[in-house]
Amino acid sequence: MPPTTDHPIAGSLDVVWNSGISRDEPSIQVHAYTENTLILRQSKATSYEAPFLYLLFGDDRALLLDTGATADPAAFPLRATVDRLVDGWLAAHPRDGYALVVAHSHGHGDHVAADEQFADRPATTVVGRDLDAVRSFFGIADDRPDDIAAFDLGGRVLEVIPSPGHHAAAITVYDPATGILLTGDTVLPGRLLVFDATAYRATMDRLVAFAARRPVTHLLGCHVEMARRPGRDFPIGATRQPGERALAMTPQQLTAVRDAVVAMTGRRGVRRYADFILYHEPRPWDLRRLLTRGRIHQAWARVFHR
């Protein structure tokens, strides 16, 4: 395992993500960014959310960040997939007593549904979803909630940044080995649902400042909801996303999100940008409009994509 340095290892994002176009897509798509950093995507056939999950290997243990949107192992065999990937990694890097930690970018249902698949897995810790559990596990003091916690996988020390605003227990994970900032639903190419504007602005200020002093290669969130056409998102509930934009975002786009939040200070509503749509403490009719568009799309899809 290479040591953590200020010179991140270059990986590959040369991948076409399954986006519901083919009926033959696997329930879980796996892409190796590097041999020690795997990106998984749940199929839209099992959940329109199609979340991304991340499996990071260290010398002593691996971290699985998020467990997807479907509990049923028959439809979404996450445990079996992770076991296969861990076994493959151990075949190349033999060692005894290798552990797995299952944690979450945040506690919403589409990121925690398959937790129970890991409940009886040996040498496995499933971190709780609530704020107290997250703080306790990562060693974030209640009186210092802005602290950045170090989480050592063995030769690979991750940095865990509390990131409330979308969810009280949300975290962002920085991996110095690759320079990747794993941003969950806090920053992604899609709809940024801000439920606590004060907390979210503080989070964005913290992340922008962090990215200014560390080498950040990519921001990788948990969903893609934007099309390649700037400012265009797919309807909520869409099970096909032809022409979706890339998963990765940049530090410049992180700053753009922060600036959009600053521009909305003291106001509620929806603002559309090229790479994301800001739902800033959305009003009831903002959410009704979003859901109505989704229902219309789903009714149309049932007719034309049977």
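The values are calculated or read from the model by the stated rules, or taken from the named source; none is laboratory data. Keep in mind that this is a model prediction, so the values were computed, not measured. Note that each Cβ is placed from the backbone with ideal geometry, even for glycine, and that neighbours are counted across all protein chains shown. Side chains are part of the model used for accessible areas, which takes the heavy atoms of the whole protein and leaves out ligands, DNA and RNA. Shrake-Rupley method; radii C 1.70, N 1.55, O 1.52, S 1.80 Å.
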Q | Residue check, Gly107 in contact with a helix residue (DSSP H, G or I) (Cβ under 9 Å, 6 or more places away or on another chain) and over 24 Å from Ala32 (Cβ atoms) | A | yes
Q: Determine which member of the set Ala274, Ala211, Ala248 is over 27 Å from Leu158 (Cα atoms) and modelled with pLDDT of 95 or more.
A: Ala274
Q: Mind listing whichever residues of the stretch 160-195 are over 21 Å from Leu63 (Cβ atoms), in a strand (DSSP E or B) and either open to solvent by 10 Å² or more (accessible area, probe 1.4 Å) or touching a Pro at 6+ places or on another chain (Cβ under 7 Å) (or both)?
A: Arg191, Leu193
Q: Return a yes/no flag: does the stretch 130-149 have any residue that is open to solvent by 20 Å² or more (accessible area, probe 1.4 Å) and in a strand (DSSP E or B).
A: no
Q.
Where the second residue is of a type in the set (Asp, Glu) and not in a strand (DSSP E or B) and the first is on the phi < 0 side of the Ramachandran plot and lies in the stretch 160-184, which pairs have Cβ atoms under 7 Å and are six or more apart or on separate chains?
A. Pro162/Asp146; Pro164/Asp196; His166/Asp185; Ala169/Asp130
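Residue-wise test of (1) hydroxyl-bearing (Ser, Thr, Tyr); (2) free of Cβ contacts under 8 Å to residues at least 60 places away in the same chain; (3) closer than 19 Å to Trp17 by Cβ.
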position: Glu35; (1), (2), (3): no, yes, no
position: Phe52; (1), (2), (3): no, no, yes
position: Leu55; (1), (2), (3): no, yes, yes
position: Arg61; (1), (2), (3): no, no, no
position: Ala69; (1), (2), (3): no, yes, yes
position: Leu78; (1), (2), (3): no, yes, yes
position: Ala114; (1), (2), (3): no, yes, no
position: Phe118; (1), (2), (3): no, yes, no
Q | Of the criteria (1) of a type outside the set (S, T, N, Q); (2) more than 18 Å from Ser163 (Cβ to Cβ); (3) surrounded by fewer than 19 Cβ atoms within 10 Å (Cβ to Cβ), which one Ala202 fails | A | (2)
Q) Of the residues that make up the stretch 270-289, is at least one open to solvent by 20 Å² or more (accessible area, probe 1.4 Å), in a strand (DSSP E or B) and either under 27 Å from Leu53 (Cβ atoms) or of a type in the set (Asp, Glu) (or both)? A) no
Q: Run Ala211 past the list (1) within 21 Å of His111 (Cα to Cα); (2) open to solvent by less than 30 Å² (accessible area, probe 1.4 Å); (3) among the small types (Gly, Ala, Ser) and report the number of the one that doesn't hold.
A: (1)
